[in-house]
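Note sheet for the following structure.
The values are calculated or read from the model by the stated rules, or taken from the named source; none is laboratory data. The model shown is predicted, which means the values in this text are computed figures rather than measured ones. Here the Cβ positions follow ideal geometry from the backbone for every residue, glycine too, while neighbour counts run over all protein chains shown.
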Amino acid sequence: MSKEDSKSKSRLHCYVFNTPEHWTSLRQWWEWLDDNRGERARLRRCETPEDVLLQSGFHALCRKLPEWEKSDLIGLAAVAGLLSHVAEGSDIDFARQLGSSKDGGDRAAMSELRFQQLMASENIDELYSRLRRAIQLLKRNGNIISLTDGVLHWSREQRSIYSSQPSQRFKYAWSKAYFSSVL
């Protein structure tokens, strides 16, 4: 697992999941999955965030982040399920990783068409399924803080909680990061 240094943490821009205490709690839970492979496996087998709600590994995360359990239970369930698929951490913003070159070539890890489909996700199940595929495209390598922030940001906007500034909205933020790697 890659550890983020203080320099890369300062460059990480989080919109909703934005306190270092939350980052530490999430990272501790994610590292706990390494010691609890059965919990990780059960979470990985979940097809939807609703399936994740029934797993003890998810409830372990809820104990680490009780305020998120209260404010966005299904978003937190999606996070738990998705992070169970991430085997190695990264310092690079998750959306930027999707636009980064695949195996040193000139093609993005995720094609622009797949990225547009990801951005067009209409419900949490679609987003979950597409992000699981994205994690596989990145060979199970991902920035867990950035991915968590993205899922919770998306979930918040689905509940009609938008920033008044378009540049602070999920689709713009992820598109900007993705295309900064592609172009």
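Here is how the numbers come out for the structure above:
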| quantity | calculated |
| --- | --- |
| Residue selected from segment 77-103 under the condition among the hydrophobic types (A, V, I, L, M, F, W, C) and in contact with a strand residue (DSSP E or B) (Cβ under 8 Å, 6 or more places away or on another chain), by the criterion nearest to Tyr15 (Cα to Cα) | Phe94 |
| Top-ranked residue in segment 87-106 [being outside any helix (DSSP H, G or I) and charged (D, E, K, R); ranked as farthest from Arg44 (Cα to Cα)] | Asp106 |
| Filter result for Cys62 (hydrophobic (A, V, I, L, M, F, W, C), modelled with pLDDT of 95 or more and within 28 Å of Gln168 (Cβ to Cβ)) | yes |
| Qualifying positions in segment 13-28 - in contact with a helix residue (DSSP H, G or I) (Cβ under 7 Å, 6 or more places away or on another chain) and without any contact (Cβ under 8 Å) to a residue 40 or more places away in the chain | Gln28 |
| Enumeration of residues in segment 55-86 that are free of Cβ contacts under 8 Å to residues at least 40 places away in the same chain and outside any helix (DSSP H, G or I) | Gln55 |
| Among residues of segment 124-183, those that are outside any helix (DSSP H, G or I) and surrounded by 14 or more Cβ atoms within 10 Å (Cβ to Cβ), counted | 6 |
| Candidate set: segment 1-52, residues that are among the aromatic types (Phe, Trp, Tyr) and not in a helix (DSSP H, G or I); chosen: the one modelled with the highest pLDDT | Phe17 |
| Neighbours by Cβ (under 8 Å, 6+ apart or cross-chain): first from segment 154-183, touching a residue at least 60 places away in the same chain (Cβ under 8 Å); second of a type in the set (Lys, Arg) and assigned to a loop (DSSP other than H, G, I, E, B) | Ser163/Arg169 |
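Residues are listed down the side, and each one gets a yes or a no for (1) under 14 Å from the mean Cα position of the chain (by Cα); (2) under 28 Å from Glu21 (Cα atoms):
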position: Gly99; (1), (2): no, no
position: Leu113; (1), (2): no, no
position: Ser129; (1), (2): yes, no
position: Leu138; (1), (2): yes, yes
position: Gly142; (1), (2): yes, yes
position: Ile145; (1), (2): yes, yes
position: Asp149; (1), (2): yes, yes
position: Gln165; (1), (2): no, yes
position: Leu183; (1), (2): no, no
